[in-house]
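Take this structure, written in structure tokens, and hold onto it; I'll ask about it next.
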Amino acid sequence: MSLHPLHRQSGRLRPIAAILLTVAVIAGIGTYVLTSTPATPAKATVVTPGIPLPEFDLVAGDGGAFTRDSFEGRWSWLFFGFTHCPDICPATLHQLSLARQGIDSGDALAIVFVSVDPERDTAEAVNAYATAFGDGITGVTGNLEEIEKLTGPLGIYHARVPDTPDTYQVEHGAAVLLINPDAEMQAVFSSPHEVAVLASDTTLIMEQH
Amino acid sequence: MKTLRPLLLLILAGCTPAPTAPVTATDVVAFAPITGDISVAYLTIENHTDDAVVISEVSSPQFARVEIHETTIADGVARMSRRPELEVPRRGSVTLKEGGLHLMLLSPHKPIAAGDRVSLQLNYEQGGMLIVEAEMRSRVRTDES
């Protein structure tokens with residue numbers, strides 16, 4: 001009798017079918033692993049668990065108190081600079097306001113701009129500067145001692161540098177910090193900043209919290 | 001044939017394209033102050049000549065002082081340093097943009113607002129200058145430009 005090419009002895013699979021089945025099972029397991037493993041941010045350095053912010057006593061642009069409690073209940077991007085900064089501070093605030101538009105729940109994300117030049121940056125000055133970039137941006141200033149209670153532990157360097165005999169610039173850390181609703185530092189974005197990455201990394205970190 | 005050659009050369013001479021200016025500026029963007037009175041300008045400067053061009057001074061009729069500055073970020077710290085001059089390499093260009101080189105426009109003779117036109121004069125060390133005009137824009141933009 002002649003055997004049909006597709007049939008072997010009854011009840012046994014051809015080796016090729018066995019191989020295909022194995023591949024399918026492996027592929028299935030692989031897909032499960034890949035889709036259930038959390039994605040990692042492209043650029044942000046995530047800090048887990050978040051580092052609780054220190055206590056400090058500063059002033060918001062509207063004249064009200066700005067303290068650690070002001071960070072509770074919502075996510076924030078925290079950035080340090082000064083209003084006499086012509087280039088990097090406006091550029092970063094603009095990038096942050098654009099990035100926020102690229103986040104679904106972005107309306108709830110606060111942008112906080114803390115001055116490292118309190119001598120020139122009064123509450124009115126930081127308020128005018130910060131709010132020029134849109135709603136939901138808070139300018140903060142206060143005594144240098146209180147500002148340093150925040151910059152020190154967060155690793156934000158700042159120093160005054162003479163410019164002309166009458167003026168000075170302020171060197172400052174250019175990182176953007178992501179603060180979670182428990183007033184803890186959850187991630188650090190080093191500069192240079194990119195709008196798309198700020199948006200996508202922050203979305204990811206908020207989802208994974 | 002002898003008379004044809006000079007005739008051909010004459011025709012070809014008439015076909016040569018008009019010469020480009022030796023140094024040109026493109027992508028000029030100037031921002032009015034957000035608060036205070038510091039304005040900033042960015043642009044790309046192209047050098048079409050075979051020699052490097054050094055811009056040794058920048059001035060403006062609208063401002064008491066214009067300075068060349070550069071933002072650098074090293075070890076996460078943003079610093080701004082004044083540059084005494086700007087060299088544009090031969091057959092090359094220099095781009096002033098956010099986060100890098102920029103012109104600081106200081107002490108305006110009268111308050112500057114978005115929409116105002118300003119003029120910048122870039123003087124070369126070797127003599128000569130480039131005049132650039134710009135319309136002041138608001139820093140607060142809703143698009144990505």
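The values are calculated or read from the model by the stated rules, or taken from the named source; none is laboratory data. All values reported here derive from a predicted model rather than from experimental measurement. Backbone-built Cβ (ideal geometry, glycine too); neighbour counts: all protein chains shown. Surface accessibility is based on the protein's heavy atoms, side chains included, excluding ligands, DNA and RNA. Shrake-Rupley method; radii C 1.70, N 1.55, O 1.52, S 1.80 Å.
Wrap a convex hull around the Cα atoms of the protein assembly as shown, take a quarter of its surface area, and give that in square nanometres.
The Cα convex hull of the protein assembly as shown, projected and averaged over all directions, gives 36.3 nm².
So, one more: Chains B and A: buried accessible surface, both sides, probe 1.4 Å, rounded to 100 Å²?
The buried area between B and A, both sides summed, comes to about 2000 Å².
Within a 10 angstrom radius of each residue's Cβ in A:76-89, how many Cβ atoms of other chains show up on average? Whole number is fine.
Mean shielding count: 5.
With the dipole of chain A worked out from charges on the C-beta (+1 for Lys and Arg, -1 for Asp and Glu) around the Cα centre, which of A:162, A:47, A:93 lies farthest toward the positive end?
A:47
Give me the 1.4 Å probe accessible area per residue for the protein assembly as shown, excluding ligands and nucleic acids, in Å².
That works out to 54 Å² per residue.
I need the helices of chain A that pass two filters: whole DSSP H segments spanning 24 Å or more by Cα along the axis, and mean Kyte-Doolittle score no lower than 0.5.
A:15-36
Over segment A:126-200, what is the relative contact order in whole percent, taking alpha-carbon pairs under 8 Å and six or more residues apart?
Once divided by the residue count of segment A:126-200, the mean separation gives 15 percent.
Any idea what the dipole of the protein assembly as shown comes to, in debye rounded to 20, about its Cα centre with Lys/Arg Cβ at +1 and Asp/Glu Cβ at -1?
Charge dipole, the protein assembly as shown, about its Cα centre: 2120 debye, nearest 20.
Ok, one more. Pairs of Cα atoms under 8 Å, at least six residues apart: use those to get the relative contact order of chain A, whole percent.
The normalised contact order for chain A reaches 28 percent.
Output the relative contact order of segment B:81-140, whole-number percent, from Cα pairs under 8 angstrom with separation of 6+ residues.
24 percent
Per 10 Å bin, what is the whole-percent P(r) computed from every C-alpha pair distance within segment A:36-126?
13, 39, 37, 9, 2, 0
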